[in-house]
Amino acid sequence: MTTTRRTLSDLRLDGGRALELIVAESPYGSLQQAVASLALFSHPDTVAQTDGRAVFRIVRGPILQRGQIVPLGDGKPVLLDDNTGPTDTFIWANQFRRGTYNDVQFCHIWPQSGDPEAYTSLANICMLPAFLAKLSDTHPAIMTLLRQRSVDLYGRQPYIESAETSGVAHYLEWAPCLPPNPAVEATMRAEMRTKAKSRTTISARPIGWLFSGWEPDASLLES
């Protein structure tokens, strides 16, 4: 039996359709199930230690200004960053070590990259294989799916304008959440004390972070 392998031209140059076709013929059966099986979320017990709030006063900034601390419209300072701050937040809170994972990305579930209440909230970040990560920004059904999952796990967060709380997400087989970390603050402090030059650590010293009550934290010195 000959299998016809469709080309990108056959699919009208639609890479998303190509991915759907490949996944449909895999054990996952659908793009939605592939995302549900492969997405990793922080455990609710881990997120509960942050009350679902942002851990750092960090937002995405223009390339040439990243690393600068500037006031926002409310007059409060934030650090301008790329995705390093959210990535650090997720891997530190979940006790990952760099180099123990490959070809993954840390994806925002809601797009408020300029909102310091959302950008480093663990409830707004999940881990996906790189080949699926773009869907968290561009595929409406997958975006809705991830938002449903976050709300189901953590409840509604202050920066959520709207999110369906019922739908296909409840009929999929989701991967278990990452193991809970019973000591998020202690874990993150230990990480920052060995990463004094990280922009994430640098932000917490002069402008504070969640576990310093948003007061400057001079204790975060390199050990």
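Throughout, read-outs are computed from the coordinates displayed, never taken from laboratory work. Not measured: the values here are computed from a predicted model. Because the Cβ atoms are built from the backbone with ideal geometry, glycine has one as well, and the counts that use them run over all protein chains shown.
Overview of values
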| quantity | calculated |
| --- | --- |
| Qualifying residue in the stretch 18-37 (condition: part of a loop (DSSP other than H, G, I, E, B), among the aromatic types (Phe, Trp, Tyr), surrounded by 14 or more Cβ atoms within 10 Å (Cβ to Cβ) and in contact with a Leu (Cβ under 7 Å, 6 or more places away or on another chain)) | no |
| Exclusive hit being touching a residue at least 24 places away in the same chain (Cβ under 8 Å) and surrounded by fewer than 21 Cβ atoms within 10 Å (Cβ to Cβ), set VAL59, VAL104, VAL78 | VAL104 |
| Index of the failed condition, PRO111 passing every other in (1) surrounded by 17 or more Cβ atoms within 10 Å (Cβ to Cβ); (2) touching a residue at least 24 places away in the same chain (Cβ under 8 Å); (3) touching an Asp or Glu at 6+ places or on another chain (Cβ under 9 Å) | (1) |
| Count of the stretch 200-223 residues which are touching a residue at least 24 places away in the same chain (Cβ under 8 Å), within 14 Å of ILE58 (Cα to Cα) and surrounded by fewer than 19 Cβ atoms within 10 Å (Cβ to Cβ) | 4 |
| Close pairs from the stretch 137-153: first without any contact (Cβ under 8 Å) to a residue 40 or more places away in the chain, partner in a helix (DSSP H, G or I) and surrounded by 19 or more Cβ atoms within 10 Å (Cβ to Cβ), Cβ under 7 Å, at least 6 apart | MET143/SER136; GLN148/ALA169; ASP152/ALA169 |
| Counted residues, the stretch 40-70 - those being among the aliphatic types (A, V, I, L, M) and part of a loop (DSSP other than H, G, I, E, B) | 1 |
| Considering residues of the stretch 53-97 that are among the basic types (Lys, Arg) and touching a Leu at 6+ places or on another chain (Cβ under 8 Å) only, the residue farthest from SER198 (Cα to Cα) | ARG53 |
